[in-house]
1. Taking helices (runs of 4 or more DSSP H) that do not extend beyond the range 51-141, which have at least 3 residues that are under 40 Å from the mean Cα position of the chain (by Cα), over 30 Å from residue 361 (Cβ atoms) and modelled with pLDDT of 80 or more?
2. Just to be sure I understand, how many residues within the range 290-309 are surrounded by fewer than 17 Cβ atoms within 10 Å (Cβ to Cβ) and in contact with a helix residue (DSSP H, G or I) (Cβ under 6 Å, 6 or more places away or on another chain)?
3. Test residue 217 against the stated conditions and say whether it is within 20 Å of residue 108 (Cβ to Cβ), out of contact with any helix residue (DSSP H, G or I) (no Cβ under 6 Å at 6 or more places or on another chain), surrounded by fewer than 11 Cβ atoms within 10 Å (Cβ to Cβ) and at pLDDT 90 or above.
4. Output yes when any residue across the range 342-362 is modelled with pLDDT of 90 or more and closer than 22 Å to residue 268 by Cβ, and no when none is.
5. Find the residue count for the range 229-269, including only residues that are surrounded by 14 or more Cβ atoms within 10 Å (Cβ to Cβ) and more than 33 Å from the chain's Cα centre (by Cα).
6. Can you find even one residue in the range 305-325 that is farther than 19 Å from residue 118 by Cβ, under 17 Å from the mean Cα position of the chain (by Cα), at pLDDT 90 or above and not in a loop (DSSP other than H, G, I, E, B)?
């Protein structure tokens, strides 16, 4: 669920504003074609960001000229630096005050968060229904005040659709992580040209593409986050079969065997694919397979997604075994853990997201 964020973090890092060069973070990263001219240029820029070389003889003459014409100013400095964020509370608050609507990864997180919320609500409805049925009663609208079966189906279906949309856009976001443009930083000293930083392609930009070429697919397939994102997408496609098979009236409610095959089998296959996708991303985020990164939000998000996928897979096995209440409880745990994992991934994206980039902010942010 966090593949697009993790992949972009491997290029630029999410523990600081965007701008690090491709190829400067870790193995399996950035540059699609080795040391391309862009990567070489970015390495030069990275070195310039902490120190801007100045021709001091020319600069001294410039200052002397400025002193004669503008005695109130020796040199002009325009430095619009983003405010530093220190506490976790301030970082979390950025999730609700910054809206980078042109950043595809942010749009992905919005879809995933909404979908995860609906799925968690549907799981809660499912537990209530299972508890009522365990007492030998029917979960009728008269007993509960609303049609809980219809509410469960609707929230599940819309949640799955939103998750699939988010996963689809996530693959496109990974494709466009390398297709940004060189943009000047808001730093200027005298007449010197300000340094530039590399930014991912934005939605609606000329550099943005929707369909990959064969070379793009070949290069991206070598990256673990892209493969994990693709397997995750396939799993969600399989899960969305349930959107069709749960249409009321399609199957006889008394034919439990057919309902199990039409509903629980796609769920089992889809959740197994999610386990594979999230576990592979989890291992990729670790430096060593035996060394977890509990202090990293990206790792916690991938870990929560893996645990949630395992719990959801077990829930389908409980349903096949006729243990309805146990299956509903496993579904409840899995979906809420998934929701927490998605929220942590959203925090991981927004905690250090550049304020004035790709969108708008409120409250002076």
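1. Details: elements: 56-69, 88-97, 104-134.
Output list reads 104-134.
2. Count: 1.
3. No.
4. Yes, because at least one residue in the range 342-362 is modelled with pLDDT of 90 or more and closer than 22 Å to residue 268 by Cβ.
5. Count: 2.
6. yes
Rundown of residues vs (1) assigned to a helix (DSSP H, G or I); (2) out of contact with any helix residue (DSSP H, G or I) (no Cβ under 9 Å at 6 or more places or on another chain); (3) over 21 Å from residue 156 (Cα atoms), yes/no style:
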{"residue": "207", "(1), (2), (3)": "no, no, yes"}
{"residue": "210", "(1), (2), (3)": "no, no, yes"}
{"residue": "229", "(1), (2), (3)": "yes, no, yes"}
{"residue": "242", "(1), (2), (3)": "yes, no, no"}
{"residue": "247", "(1), (2), (3)": "no, no, no"}
{"residue": "254", "(1), (2), (3)": "no, yes, yes"}
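The values are calculated or read from the model by the stated rules, or taken from the named source; none is laboratory data. The structure displayed is predicted, hence computed values, not measured ones. With ideal geometry, Cβ positions are generated from the backbone for all residues, glycine too; neighbour counts draw on all protein chains shown.
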